[in-house]
């Protein structure tokens, strides 16, 4: 077979669309056919000896830019309603800037890449050869797959299915480490101070040289820290993403197995279904008619494409019979054969000038808290590690802080609020409703001892067993088939697993495999949220299968050669109206009378009100020639759906229980106390959803409690009447609302306003589009929305929400769309919310701690020197010491602060009003603490100078020319100025220790939440002594934030290094501090702590009073 990729004869617009361009592809040389056997297409008339084990020697480098095609570059901001999300969100700190740079680079190189793209896959023909050739070339078979021996050999030959690491972009990273944040300020400041030392210094001042060296050292230090922090955070994020599941289902040794994606090899038969992410390039060999794949990660196509088994294009990247690695199956199911793995896949980057310069640099040093980036970055990384320890994986460090501000949590039901372990508990055959235990017992009692077949009164149950087994996408895992039925693992979703186990119980051990072997599948339509049913067209392999499945009376008129059976399984509210007949316990078919329809409706509502999911199983015989199209034709799906729209025969109903997780009621209660509204969004029937919501504690626990519906919501606002309250929900008494998906489309904006005010809402029977609409409705009204879900239909709303959350058992596409993955139970979300609020609190505490001394108190010595000519009472060198050593260590220790006692009792913060730095925090840092620390430090320093004969009045507007009535020389003045500088420094540092203790809590008293707590635990153990039978064992547990004390010790060491070591005193412009001033510093610090404790007490009282009156008090309003 020969194919031609030359597109020069096409119009430019079409050629541009057909070519997939990669900005950073590098094509490795491909050996010519003369160099050895090659499995690609041979030229016409050429006799080539082919070795079936070889693959095309085509290699693509995996780089950040290799996923940027021309079309994908322009289609990043896609509406989630158009296609399911496919790309994991990056964990880079500078995600936006990084993506913009990569897109700009890719656009510049697009023209060059365009010329290369046509030849990238010229020698790849996996999409062109027929299936038989494909099986021979890869030494496999669709029924049995590879053997374990073959798989081991190919794994050695081709390596693990893992792409090479991308380029590190080290030069760009190094530049960011050195000049990012405040790095550029420090570097420029160092250069300017060097210049002020020489050549501008006359004579050169040693202090300026020391300051320049310190600035340069700090610049290097912050670069090293940035590098280490980047490495550390990357390691944390890599370990997190490495914990996410990457498994796939393959056929080996004739049985399906679940394997890590890294262990698959070319030739493996891979099963896929809706939500699966392809771990390698595959050629489709079976695909349901509704199988669709989202290729936007590679080609930028916004609409998923149809999966086909035969080639539709000569271009490897455009053909629809190839599934490309990294793409997602958005609907349908099928089989594919792995053709390329690893890097072979298409893988988705008034003064002297010198003094003026020093003062300018000093102002920059004083006003910029150099330790802030270090402390903030360290805080975020510490929290990420803490979240990991609590089995909560965040894809980005910002995710935690966002979760702390969530005000509305929209939660899916199945697998999120419930255990996801569905069990069939009830079934209905005709008018006869029974439990599954009763049905199993009835089948055993009615079974003929001679033939082992059920007698006539249980034929209906056997027909239900056949329908449940054949129309089912689930498979028992061969490795667990020997276990009891309840413990066997099922490869498939929870609903199919429940129906499969029901079939096995009714038919006996091994009956499911036997039943399925008796039928041949002609057409398969998987369940989807649009149709809300699964459909399968089958034909019998023998007449006995027909008799068992249809009953002897119907089987007589069934032609096994031409007739087929349409089996359908799905939602009763969709399928009940289509059923005109039903089978009874004897297997006989009867018309569905009005009495039967009423009975059916009653059973369905009863089971639903008990929290059970109800499924309806039905069938219809498709006579030969009744449809004009064949199952393998593209429009057969449309025809068979039209055919199944009426005259169905009801086989039975099945009730399935999926109990809520044990921890859910407590989780809901805790989140409610935290001010978060919990709403359920599910595809289940209205009564089922309402019952489960009641069990979970989302709506009232009493069945008689009033629950509103759409009819209780006025379509427009009532007229305003003076003196009468007509605002929203004040007119309605219910706190809960239940609404169905079909009702959502007709809601007015005013009704949406009312819905979003309800404390609890249950959205039932929703489609993915409606889930997306619900999420947007809440976000549009200013709520911060968290969305939890685990299925394919949840993916659009997971990505649309402010934060998407899914369990680790979720589908690949749901995990890809989420920001956070819960490895453990749903209760982990409480820890996540608590840590999210705590990290915001701790960041505010860090900033509030750094600003008073590291910014405000350092700024005024420089400004008073520049404006009023006073001596700079705090040297620039000591400013650097405060910012980068004494304060930075303590600020980082604040990241380890535990949550305050009331953190989960507060309302979620308002993102528009509650900023990280606002006027309240600045009032606290500058107006209160900063003013106290600055005033006392100035007073201490100038008081000391006054006591040494250097009056304050003589320093005004001196600008370094100090004249006194006494005989003080310059050395005397400079020495005592250095002592005054050290006093200012020591007073600031000591007062910051007390400020550190005060800032540990924003509202709680220090005495309620001390920095270190000792908990004594006493346990009773058996004693080995003969004198006593038991012994008491006492252990002491230390909790709290003990990191504060090493941070204080570091600050104390810094004081002694720069104030008491002779060689460094001249450099730092400091001197030993008299003991009296140490004592005064502690006194001022204790006073500051007392003021803070009084302020927090007034805030707590104001909050309590506000809860009673409904209005915020003065102290609460100004509390930071």
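The values are calculated or read from the model by the stated rules, or taken from the named source; none is laboratory data. Predicted model only: the values in this text are computed from it and were never measured. With ideal geometry, Cβ positions are generated from the backbone for all residues, glycine too; neighbour counts draw on all protein chains shown.
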Across the stretch 890-919, the tally of residues that are crowded, with 19+ Cβ neighbours inside 10 Å, farther than 17 Å from residue 1001 by Cβ and at pLDDT 85 or above stands at 1
**Asked** Hey, any hits in the stretch 685-695 for a residue that's surrounded by fewer than 21 Cβ atoms within 10 Å (Cβ to Cβ), part of a loop (DSSP other than H, G, I, E, B) and over 25 Å from the mean Cα position of the chain (by Cα)?
**Response** no
Of the listed residues (233, 276), the one being under 30 Å from residue 326 (Cα atoms) and modelled with pLDDT under 75 is 233
Residue 449 fails exactly one of (1) buried (at least 17 other Cβ atoms within 10 Å of the Cβ); (2) modelled with pLDDT under 85; (3) more than 16 Å from residue 829 (Cβ to Cβ), namely (1)
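The rows are residues; the columns are (1) crowded, with 18+ Cβ neighbours inside 10 Å; (2) within 16 Å of residue 998 (Cβ to Cβ).
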residue: 1080; (1), (2): yes, no
residue: 1090; (1), (2): no, yes
residue: 1096; (1), (2): yes, yes
residue: 1111; (1), (2): no, no
residue: 1115; (1), (2): yes, yes
residue: 1119; (1), (2): yes, yes
Notebook entry, point to check: Out of all the residues in the stretch 372-383, is one or more modelled with pLDDT of 75 or more and outside the structural domain of residue 671 (by TED's automatic domain parsing)?
Noted result: yes
Residue 950 fails exactly one of (1) part of a loop (DSSP other than H, G, I, E, B); (2) surrounded by fewer than 21 Cβ atoms within 10 Å (Cβ to Cβ); (3) at negative phi, namely (2)
Discussion item. Within the stretch 622-638, does at least one residue satisfy the condition of being on the phi > 0 side of the Ramachandran plot and more than 39 Å from the chain's Cα centre (by Cα)?
Written reply: yes
task: With respect to residue 399, determine if the residue is closer than 21 Å to residue 804 by Cα and touching a strand residue (DSSP E or B) at 6+ places or on another chain (Cβ under 9 Å).
output: yes
Practice item. Report yes if residue 923 is closer than 30 Å to residue 386 by Cβ and surrounded by fewer than 17 Cβ atoms within 10 Å (Cβ to Cβ), otherwise no. Key: no
Counting only residues in the stretch 390-413 that are surrounded by fewer than 24 Cβ atoms within 10 Å (Cβ to Cβ) and modelled with pLDDT under 80, the one nearest to the chain's Cα centre (by Cα) is identified as 395
Per the filter on the stretch 1102-1114, residues in contact with a helix residue (DSSP H, G or I) (Cβ under 6 Å, 6 or more places away or on another chain) and within 14 Å of residue 1004 (Cα to Cα) are 1102, 1103
Per the filter on the stretch 645-657, residues surrounded by 18 or more Cβ atoms within 10 Å (Cβ to Cβ) and in contact with a helix residue (DSSP H, G or I) (Cβ under 7 Å, 6 or more places away or on another chain) are 648, 651, 652, 653, 654, 655, 656
Yes/no for residue 938 being closer than 30 Å to residue 1096 by Cα and either assigned by TED's automatic domain parsing to the domain that holds residue 859 or at pLDDT 85 or above (or both): yes
Only one of (1) crowded, with 23+ Cβ neighbours inside 10 Å; (2) under 37 Å from the mean Cα position of the chain (by Cα) does not apply to residue 481, and that is (1)
Is there a residue in the stretch 1055-1064 that is part of a helix (DSSP H, G or I), modelled with pLDDT under 90, touching a helix residue (DSSP H, G or I) at 6+ places or on another chain (Cβ under 7 Å) and farther than 20 Å from residue 854 by Cα?
yes
Exactly one of 875, 828, 818 is touching a strand residue (DSSP E or B) at 6+ places or on another chain (Cβ under 6 Å) and either within 22 Å of residue 1059 (Cβ to Cβ) or buried (at least 24 other Cβ atoms within 10 Å of the Cβ) (or both), and that one is 818
Inside the stretch 1000-1024, the number of residues satisfying the requirement of being at pLDDT 85 or above and either touching a strand residue (DSSP E or B) at 6+ places or on another chain (Cβ under 7 Å) or not assigned by TED's automatic domain parsing to the domain that holds residue 1093 (or both) is 2
Within the stretch 683-695, the count of residues that are more than 13 Å from residue 610 (Cα to Cα) and modelled with pLDDT of 90 or more comes to 0
